[in-house]
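All remarks here apply to the structure that follows.
The values are calculated or read from the model by the stated rules, or taken from the named source; none is laboratory data. No experiment lies behind these values; they were computed from the predicted model shown. Glycine also receives a Cβ, built like all others from the backbone with ideal geometry; neighbour counts cover every protein chain displayed. Calculation scope for accessible area: heavy atoms of the full protein, side chains included, ligands and nucleic acids excluded. Shrake-Rupley method; radii C 1.70, N 1.55, O 1.52, S 1.80 Å.
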Amino acid sequence: MTDGKHDACRRDRMEYQTQHGDEPGHDELSAYLAERGMLGRGGKPVSPSTLRRYPLGFRIYNVWAEHRERNDVPSAEAVAQDCAARGITAQYNKPLTPTYVAGEAEDFERRWHALTRHHAGAQQWKYARVGHP
């Protein structure tokens with residue numbers, strides 16, 4: 001998937017999780033994306049096997065974001081330990097390493113700022129609309 005499609009997949013996956021209260025499986029996410037017009041080769045739904053590589057990053061980011069709410073610079077060691085405690089593992093059930101988490105930190109921080117601006121803008125619009133200061 002291209003970066004634009006990857007970002008759209010991430011947004012749709014988060015939307016699915018909000019609506020259904022749980023992460024979609026690969027088959028559910030494929031169908032959900034197809035309903036929204038995101039198709040793979042030949043105009044067919046994105047293959048569930050293509051989607052298998054994306055959930056790990058979402059799970060790690062969610063843990064990292066919890067740490068980021070408490071610290072400006074989350075500890076890669078603490079995030080890796082928290083992932084292990086939640087059963088979040090790398091490929092072949094290997095534990096996530098602090099080195100791996102640290103390697104994702106720049107992207108996570110970029111995502112954090114983008115989402116923070118998005119949510120702040122939505123809140124400002126909401127308050128302006130209902131007459132709050």
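Going through 111, 68 one at a time, which residue ends up being in contact (Cβ under 8 Å) with a residue 24 or more places away in the chain, farther than 26 Å from residue 33 by Cβ and of a type outside the set (A, V, I, L, M, F, W, C)? Don't jump to the end; show me each part of the working.
Numbers: 111 fails: farther than 26 Å from residue 33 by Cβ.
Being in contact (Cβ under 8 Å) with a residue 24 or more places away in the chain, farther than 26 Å from residue 33 by Cβ and of a type outside the set (A, V, I, L, M, F, W, C) holds for just one of 111, 68, which is 68.
Being modelled with pLDDT under 85, exposed (fewer than 14 other Cβ atoms within 10 Å of the Cβ) and within 15 Å of the chain's Cα centre (by Cα) is the filter here, so list the residues in the range 20-67 that pass it.
Of everything in the range 20-67, those that are modelled with pLDDT under 85, exposed (fewer than 14 other Cβ atoms within 10 Å of the Cβ) and within 15 Å of the chain's Cα centre (by Cα) turn out to be 21, 22, 25, 52, 53.
Would you please list the contacts, defined by Cβ atoms under 9 Å and residues six or more apart or on different chains, that run from a residue in the range 33-49 that is within 18 Å of residue 19 (Cα to Cα) to a residue that is open to solvent by 80 Å² or more (accessible area, probe 1.4 Å)?
34/44
Among the residues of the range 77-100, how many are open to solvent by 90 Å² or more (accessible area, probe 1.4 Å), of a type in the set (S, T, N, Q) and at pLDDT below 95?
2
Among the β-branched types (Val, Ile, Thr), modelled with pLDDT of 90 or more, out of contact with any His (no Cβ under 9 Å at 6 or more places or on another chain) and not in a helix (DSSP H, G or I): does that describe residue 73? Can you show your working first?
Numbers: among the β-branched types (Val, Ile, Thr): yes; modelled with pLDDT of 90 or more: yes; out of contact with any His (no Cβ under 9 Å at 6 or more places or on another chain): yes; not in a helix (DSSP H, G or I): yes.
Yes.
So, in the range 82-104, exactly how many residues are assigned to a helix (DSSP H, G or I) and in contact with a helix residue (DSSP H, G or I) (Cβ under 9 Å, 6 or more places away or on another chain)? Walk me through it before giving the result.
Within the range 82-104, the subset assigned to a helix (DSSP H, G or I) is 82-85, 91-93, 98-104.
Still in the running and in contact with a helix residue (DSSP H, G or I) (Cβ under 9 Å, 6 or more places away or on another chain): 82-83, 91, 98-104.
So the answer is 10.
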